[in-house]
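Read the figures in this text as sums done on the coordinates, not as results from a lab. Being a predicted model, the structure only gives us computed values, none of them experimental. For neighbour counting, all protein chains shown are included, and Cβ atoms are generated from backbone atoms with ideal geometry for every residue, glycine included.
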Amino acid sequence: MDRHPVRTLEELEDWNAEEPSLAVLGRPVAHSLSPVMHAVALARLAREDAAFGAWRYHKFDVPPERLAEALPLFHARGFLGINLTIPHKVLAVGLVRAIDPFAADAGAVNTLRRRDDGYEGFNTDGHGVARAITDELGTAIRGSHVVVLGAGGAARATAVTCLAERCASLAIGNRTPANLEALLSILRPLAGAAGTPVRGFDPSRPPADLPADALVINATSAGLAADDPPPIDLGRLRGAPMVYDMIYNPPATELLRAAAARGLRAANGLSMLAHQGARSLEIWTGRSVPAAPMLAACRAALRPTGPSGVS
Ligand code: NAP
């Protein structure tokens with residue numbers, strides 16, 4: 001069960017906590033398990049260095065139109081590190097003092113590290129999704145025909161990772177054509193350098209010639225709400241695709257249910273969450289952080305607690 005409250009920018013105005021603070025910022029953010037898994041990881045780090053026992057990780061509801069004013073406020077209140085989730089990752093690129101090369105290529109940041117004059121941006125989503133696909137699906141991006149659904153922050157990091165890992169081909173499906181085109185314009189030079197075919201498509205009408213047996217990665221928000229339809233009709237893809245859905249709460253989306261009904265190999269985003277989170281904590285602490293205890297904490301938090309179901 002996740003007992004971490006969702007905090008607001010109004011609470012931040014009056015923030016006077018003495019302890020070193022970290023936070024995830026998003027809208028929606030209530031579903032995020034980041035506070036749960038970071039609390040476990042910090043408790044483990046505290047066994048090596050007691051100072052980490054005082055660190056706290058919070059979740060804040062921040063609308064995109066207030067991110068630019070929010071970041072200086074988090075800095076003024078002393079926050080050491082920040083994770084960004086929907087819909088902030090692309091927007092934040094223009095708000096950081098410095099950016100690491102992978103995040104710059106992706107045009108998206110999910111991890112901010114404090115420095116004296118503001119925050120420095122990193123992106124750990126690409127690391128997270130690559131590790132999760134290996135762990136959960138038993139396959140590698142390298143050599144796979146990949147179909148990424150979405151063109152937001154998580155999709156950008158995933159697409160750039162796929163090219164860096166030398167996927168066999170990359171197809172991006174996104175609902176809004178302008179956002180799809182913005183991502184394709186980032187990817188074309190990288191794909192050209194890697195010699196990898198890249199194309200975009202409308203996910204409501206997947207082209208008939210998409211490669212068979214593709215690795216399908218859902219990086220859209222479709223599925224966060226229980227009644228969301230799947231972002232693609234798996235019946236329109238050839239062969240036996242493998243499905244990685246970045247959504248982890250709810251643990252089973254319509255896309256994952258459709259994959260199960262077809263007997264396809266599939267997994268939700270819990271493992272990615274743990275791997276990207278472990279890497280973020282490494283950036284903030286300079287210590288080595290294993291992902292496995294963080295994943296176990298997330299699994300425990302999602303376990304049904306009784307008649308009311310998932311907590
Ligand atoms: P984002 O930057 O806000 O991008 C959202 C993407 O979802 C956009 O491509 C958007 O398409 C698409 N979308 C939104 N609602 C949709 C709908 N109803 N139908 C189809 N497409 C829709 O968000 P993000 O940070 O990339 O995150 C995307 C998803 O990945 C979220 O569900 C997030 O929770 C998940 N995620 C999970 C992890 C993990 O560790 N497991 C890490 C990162 C992200 P348009 O361009 O058409 O608006």
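Hey, what do the phi angles of region 75-87 turn into as Karplus ³J(HN,Hα) couplings, whole Hz, using 6.51/-1.76/1.60 and θ = phi - 60°, x for Gly and Pro?
With coefficients 6.51, -1.76 and 1.60, one gets 5, 4, 8, x, 4, 7, x, 9, 9, 10, 10, 3, x Hz.
Could you compute the net charge surrounding Trp55? Neighbours are other residues with a C-beta less than 12 Å from the C-beta of Trp55; K and R count +1, D and E count -1.
That sum, taken over residues with Cβ under 12 Å, equals 0.
Can you give me the Cα centroid spacing of region 183-203 and region 41-112 in angstrom?
Between the Cα centre of region 183-203 and that of region 41-112, the gap is 29 Å.
Based on the alpha-carbon gyration tensor of region 118-174, what equivalent-ellipsoid semi-axes (square roots of 5 times the eigenvalues) come out, in whole Å, largest first?
20, 14, 10
Expressed as a whole percent, how much of the Cα-Cα distance distribution for region 70-121 exceeds 14 Å?
Cα-Cα pairs in region 70-121 separated by more than 14 Å: 44 percent.
Compute the Rg/Rh shape ratio of region 53-95: radius of gyration over Kirkwood radius, all on alpha-carbon atoms.
Reported Rg/Rh, Kirkwood definition of Rh: 0.96.
Where does the charge balance sit around Asn268 when Lys and Arg score +1, Asp and Glu -1, over other residues with C-beta under 10 Å from its C-beta?
-2
How much length is gained on full extension from Ala261 to Asn16, taking 0.36 nm per residue of separation minus their Cα-Cα distance?
Net length gain for the segment: 83.1 nm.
Using the number of other C-beta atoms within 10 angstrom as an exposure proxy, rank Asp61, Asp105, Asp125, Asp213 with the fewest first.
The order, fewest Cβ neighbours first, is Asp213, Asp61, Asp105, Asp125.
Going by how many other beta carbons lie within 10 Å of each one, how would you line up His127, His275, fewest first?
His127, His275
I want the antiparallel fraction of DSSP beta bridges within region 112-220, as a percent rounded to 5.
25
For the chain, what is the mean residue ellipticity at 222 nm derived from helices alone (per DSSP H run of n ≥ 4: -39500 (n - 2.57); sum divided by total residues; nearest 500 deg cm²/dmol)?
Rounded to the nearest 500, the figure is -10500 deg cm²/dmol.
First select every other residue whose beta carbon is under 11 angstrom from the beta carbon of Arg205; then total the charges, Lys and Arg +1, Asp and Glu -1.
In short, -1.
For region 119-239, what does the alpha-carbon gyration tensor say about shape, rounded, prolate or oblate, given a ≥ b ≥ c as the root eigenvalues, a/c under 1.5 as rounded, and a/b over b/c as prolate?
Rounded is the answer for region 119-239, as its axis ratio a/c remains below 1.5.
With 10 Å bins from zero, work out the P(r) of the chain over every alpha carbon pair and list the percent per bin.
Once binned at 10 Å, the Cα pair distances of the chain give 6, 28, 35, 22, 7, 1.
So what are the radius of gyration and Dmax for the Cα set of region 219-308, in Å?
15.3, 46
Let a ≥ b ≥ c be the square roots of the eigenvalues of the Cα gyration tensor of region 25-131; is it rounded (a/c under 1.5), or, if not, prolate (a/b larger than b/c) or oblate?
rounded
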